[in-house]
Structures are given as structure tokens and as C-alpha cells.
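Structure first, then comments.
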Amino acid sequence: MWRHAPSLLVPWVVSSISLGTACSKSGDSPNQTEPVIQPAPAGVQQAKIKVDNKGFTPSEVKLEKGKSAELVFVRTSDETCAKQVVFPELKIEKDLPLNTPVRIEIPTTDARTLTFQCGMAMYKSAVLIQ
């Protein structure tokens, strides 16, 4: 009678281990990978702005006055009205293709706050030059 009992336990143990492995989330990977953003040239400030269904992240960027600067926008969602970025004071309008870095040089000669927004002005953010 005991000779058969160990063989009955083996399938249950193997099944339990398999179930535990199948439920593990350690192997999960995101469906989208963000594009690689090349670093700015030496001496140039660079800030990355993520654009998605929540708008612009971060909502505020600080730059050092007098030091060359660029913002790199990456739109990661099609479910947003922010398919364009507009800097009203600078008269800059740029389309934001999905998962494509878009670089915009920001003049930093004067200390000021610049607003940037989506094409419909629903999402707004700021660049603080100090």
C-alpha cells in the first residue's frame, strides 16, 4: 500500500511548482519600450518630458540661466490630445509623433517662466529659467 503513495505525491508536487511559476510576475515585460534618447552635447542642459494621457510629466522643468538647454519630448500614448507641443512666447509649434523623441532648444539668456502646452491648450506646463 505504501509503495504507491509516493508516486501519487509526485504529480501534485510538480503541479504546485508549475502553478507557482506561472503566477510569478517577475518575467512580465512592458508591451512598449521607450525610445533611447541620445544625451545632449557637453555643456547643454537636457530635460526629458513624457507626454501621455495625463499630459506632460514633469509639469515643471527648471533650467539654469545662461547655459544652453534643450527639452526632449516623447509621446508614449495615442490616447491624448497632446500630439503637439506649443510654446506661445517662443512661437514654436512641433508635432509629437508616437514614441519619437522631439528636441526643442530653449533660449536661456533671460530669467523667466515659459509656458508650453498641447495644441488645444488643455495641458499646460512650464519651464523656469533661473
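FYI, it's all coordinate maths here, none of it is from the lab. Fair warning: this is a prediction, and the values are worked out from it, not measured in the lab. Backbone-built Cβ (ideal geometry, glycine too); neighbour counts: all protein chains shown.
Evaluating 6.51 cos²θ - 1.76 cosθ + 1.60 at θ = phi - 60° for every residue in segment 78-84, the Karplus couplings come out as 8, 8, 8, 7, 7, 9, 8 Hz, glycine and proline recorded as x. For segment 79-117, trypsin sites (Lys or Arg not before Pro) meeting the loop criterion (DSSP other than H, G, I, E, B) and having at most 11 other Cβ atoms within 10 Å: 91. Here the Karplus curve 6.51 cos²θ - 1.76 cosθ + 1.60, taken at θ = phi - 60°, turns the phi angles of segment 35-40 into couplings of x, 6, 9, 5, x, 5 Hz, with x standing for Gly and Pro. Per-residue extension of 0.36 nm, minus the Cα-Cα distance of residue 53 and residue 67, leaves a gain of 1.9 nm for this segment. Once the Cβ-Cβ distance of residue 112 and residue 37 is raised to the sixth power relative to R0 = 22 Å, the FRET efficiency obtained is 0.30. The loop-placed GluC sites (Glu not before Pro) in segment 62-130, going by DSSP, that have at most 10 neighbouring Cβ atoms within 10 Å of their Cβ come out as 79. For residue 65, the residues whose modelled amide H falls within less than 5 Å of its own, excluding neighbours fewer than 5 places apart on the same chain, are 130. Amide H contacts of residue 92 (H built 1.01 Å from N, in plane; Pro and chain starts excluded): 87 sit under 5 Å, all sequence-distant by 5 or more or on other chains.
Couplings 3J(HN,Hα) for segment 94-107, derived from phi with the Karplus relation 6.51 cos²θ - 1.76 cosθ + 1.60 (θ = phi - 60°), are 10, 6, 10, x, 4, 6, 10, x, 10, 9, 10, 6, 10, x Hz, where x marks Gly and Pro.
Of all aspartates and glutamates in the structure, the ones whose alpha carbon falls short of 16 Å from that of residue 67, not counting any fewer than 8 places away in one chain, are 105, 110.
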